[in-house]
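The structure appears below as structure tokens.
The values are calculated or read from the model by the stated rules, or taken from the named source; none is laboratory data. Everything numeric in this text was worked out from a predicted model, so none of it was measured. Please note: Cβ atoms are built from the backbone with ideal geometry, for glycine as well, and neighbour counts cover all protein chains shown.
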Amino acid sequence: MDMFRANIRDALEKPVVMVGLMGAGKTKIGSLLAKALGLPFIDADDEIEKAAKLTIAQIFEEHGEPAFRDLERAVMARLLSGKKCVIATGGGAVMNEQTASLIWEQSLSVWLKAGLDILVERTGRSNKRPLLHNGDPHEILGALMDKRYPFYAQSDVMIETDHAKPGVTLKRLLNALAAHLDIKEQP
Ligand code: S3P
């Protein structure tokens, strides 16, 4: 690992938490960041599924969204009290007051922001998101943008992903983390 990345990793005092809407790339970019820094990567949605022994869609269907948010809070509390790592959250995590407080206080938060058309395109590739099952994804994601952006905006760092390749977004993210942590950028 080069000095620049090692300096970022060493300066981190808390886990890095990726937030943002469904399809923004939290899992993809979060796992690339973890690899770049030599840290473990954890996907909170996967941890919720393991804990419940159900898929996210099943949890929503059989127990409802409030039960899912409770599980999400418990999983995030556990992950944030563990070792330094990179965590991808589900897009609604910051909408629960307690989960949001945990994230703002106990992590270095990164908002990944992408345009509506990109979110619609990426989320359309799978059927695993219950909030997009009943209605037009373009409208639903547009409404979620209006509702959630003020919350995501409380993150420590914001990165626009637009149409950039993952490697380019990773570079932007490393530079933004370095700036936040007061580390000199690579020449
Ligand atoms: C949700 C986002 C999903 C998942 C659940 C609810 C949301 O995660 O947690 O379907 O409320 O935005 P991704 O953002 O990883 O798709």
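Cβ-Cβ distance below 7 Å, separation of 6 or more or different chains: which pairs start in region 121-133 with a residue that is over 17 Å from Glu65 (Cβ atoms) and more than 8 Å from the ligand (Cβ to nearest atom) and end on one that is assigned to a loop (DSSP other than H, G, I, E, B) and not hydroxyl-bearing (Ser, Thr, Tyr)?
Arg122/Gly23
Within region 144-161, can one find any residue that is at pLDDT below 95, more than 16 Å from the ligand (Cβ to nearest atom) and polar (S, T, N, Q)?
Scanning region 144-161 turns up no residue that is at pLDDT below 95, more than 16 Å from the ligand (Cβ to nearest atom) and polar (S, T, N, Q).
Any residue in region 17-24 that is near the ligand (Cβ under 10 Å from one of its atoms), β-branched (Val, Ile, Thr) and either crowded, with 18+ Cβ neighbours inside 10 Å or not in a loop (DSSP other than H, G, I, E, B) (or both)?
yes
Modelled with pLDDT under 95 and closer than 14 Å to Leu174 by Cα: which single residue out of Met18, Met1 fits that description?
Met1
Can you pull out the residues in region 85-118 that are within 11 Å of the ligand (Cβ to nearest atom), assigned to a loop (DSSP other than H, G, I, E, B) and over 18 Å from Asp46 (Cα atoms)?
Hit for region 85-118 is Asn96, nothing else.
Identify all residues within region 30-69 that are within 11 Å of the ligand (Cβ to nearest atom), in contact (Cβ under 8 Å) with a residue 40 or more places away in the chain and either among the β-branched types (Val, Ile, Thr) or part of a loop (DSSP other than H, G, I, E, B) (or both); write none if there are none.
Matches in region 30-69: Ile48, Thr55, Ile56.
Would you confirm, using the coordinates I've provided, whether Val75 is part of a helix (DSSP H, G or I), touching a residue at least 40 places away in the same chain (Cβ under 8 Å) and surrounded by 14 or more Cβ atoms within 10 Å (Cβ to Cβ)?
Criteria not met by Val75.
Which numbered condition in (1) in a loop (DSSP other than H, G, I, E, B); (2) surrounded by fewer than 16 Cβ atoms within 10 Å (Cβ to Cβ) is the only one that Glu121 fails?
The number of the failed condition is (1).
Yes or no: Thr27 within 11 Å of the ligand (Cβ to nearest atom), of a type in the set (Val, Ile, Thr) and within 22 Å of Glu160 (Cβ to Cβ)?
yes
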